[in-house]
Amino acid sequence: MEDNLTILALESSCDDTAAAVVRQAKGGPAQILSSVVFDQTKLHATFGGVVPEIAARAHAEKLDVCAKEALIKANVSLFDLDAVAVTAGPGLIGGVLSGVMCARGIAVGADLPLIGVNHLAGHALTPRLTNNVRYPYLMLLVSGGHCQFLIAHSSSDFTRLGGTIDDAPGEAFDKTARLLGLTQPGGPAVQQEAQAGDPTRFAFPRPMLNKPGCDMSFSGLKTALRRARDEIIAQKSGLTRQDRADLCASFQAAVTDVLSEKCRRAIEIYMTEAPSEPLIAVAGGVAANTSIRAGLERTAHENNCAFLAPPLSLCTDNAAMIAYCALEQYRNGDRGKGELVARPRWPLDRHSPAMLGSGRKGAKA
Ligand code: KG4
Ligand code: ZN
């Protein structure tokens, strides 16, 4: 039985309620039998960010429906499962608790082990789920809530090389969109506008490039953008379409430059481990940005590193990554015997300093 593992996972740490079933024969590739995601974007749209209480209630209402749908789509019953897995943090605590309680109910009812998974580990292991990538590899998590470079050594051993000390890049894109009257989520809208813009018109700062290491800061960038916008409005009493496009393109170029240069430094550190198949992978919604992606890919290739961007549906929040992470934990002996605590903060690398900032989508870890 253990050679062929099947796991049902739940994910509810932010604003997506998700369930998935993943199966893997020992030594073989993992198979996503189903992956269901109910996103809450509409529920939070008018508030300009995720409202924790609304998110928790919506998760509580949807989790069991979502789990049932994942089982039906995968064509498996509870009897076919080896374990139930759940995101136990980091994230908005109400949502994490909803997931943990629902998963515990299923696990106890079906007499299955319950495995707690770190949400960030889920993201970080996605390249193994999709492409069976070998350890150690470098990972950039870049979304509305996360931004960090990690070296993945195993499913439970990560070295954090650096991350944002304030806003995540997705958050900066969303705030920029709001400042320019564009739709949310801001990333795709800013990218769209930037296509017709001049990325050199505004010399926005490239924060923290003058400091050594891989830490980043994005909150000053949106302040610079606001100032540039206000100056144009003061001069011409409004923004033209071209002004807006140029602001977007210049902002996007600044984020791309910062991420590319920090990526180069992260690769330099990673290479000292002499990986047999050097690779950097990205995860998170911002990885969808074509300018950022091209910058990272170019940097990777210039530094003799392969570049991998998993399909976007697996880069953004989903439960297949949680199920996969639990598969690796199970194979390493985790039978869910330890205490499963819901944790708002849960850094992947216990030795790295705590992150600052609270993040639009809850506590950063
Ligand atoms: O990973 P994700 O779906 O959710 C979390 O934040 O956990 O990422 C969403 C973020 C949003 O901030 C969104 O604006 C950003 O990713 N995003 C983008 C693009 N598509 C999504 N940012 C820049 N360019 C894009 N094309
Ligand atoms: Zn996430």
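What follows draws every value from the coordinates through simple rules; no lab data is involved. Quick caveat, the model's predicted, so the values are computed rather than measured. When we count neighbours, we look across all protein chains shown, and the Cβ atoms used for this are built from the backbone with ideal geometry, even at glycine.
Quick notes on this one:
- Qualifying lysines (Cα of each under 24 Å from Cα of LYS337; at least 8 residues distant if same chain): LYS26
- Span from the the stretch 130-176 Cα centroid across to the the stretch 301-343 one, whole angstrom: 12
- Burial ranking of peptide ranges 341-349, 296-304 (average Cβ count within 10 Å, highest at the top): 341-349, 296-304
- The charge dipole of the stretch 137-312, taken about its Cα centre with unit charges on the Cβ atoms of Lys, Arg (+1), Asp and Glu (-1) only, comes to about 520 debye.
- Each peptide in 203-214, 141-152 gets a packing score, the mean of other Cβ atoms within 10 Å over its residues, and the list from highest to lowest is 141-152, 203-214.
- Taking 30 Å as the limit for the C-alpha separation, the pairs LYS42/LYS262; LYS68/LYS175; LYS42/LYS68 exceed it in the case of LYS42/LYS262; LYS68/LYS175.
- A simple count of charges around ASN303, restricted to other residues whose Cβ falls under 13 Å of its Cβ and scoring Lys, Arg +1 and Asp, Glu -1, yields 0.
- Each Cα pair under 8 Å and six or more residues apart adds its sequence gap; the mean of these over the residue count of the chain is a relative contact order of 24 percent.
- Of VAL37, ILE72, ASN332, farthest towards positive along the dipole that unit charges on Lys, Arg, Asp, Glu beta carbons give the chain: VAL37
- Evaluated with a Cβ-only charge set (Lys, Arg +1; Asp, Glu -1), the stretch 1-102 carries a dipole of roughly 120 debye about its Cα centre, given to the nearest 20.
- Helix axis angle, 290-302 relative to the chain longest principal axis, alpha carbon, degrees: 80
- Given charges at beta-carbon only (K, R positive; D, E negative), |dipole| of the chain in Debye: 640
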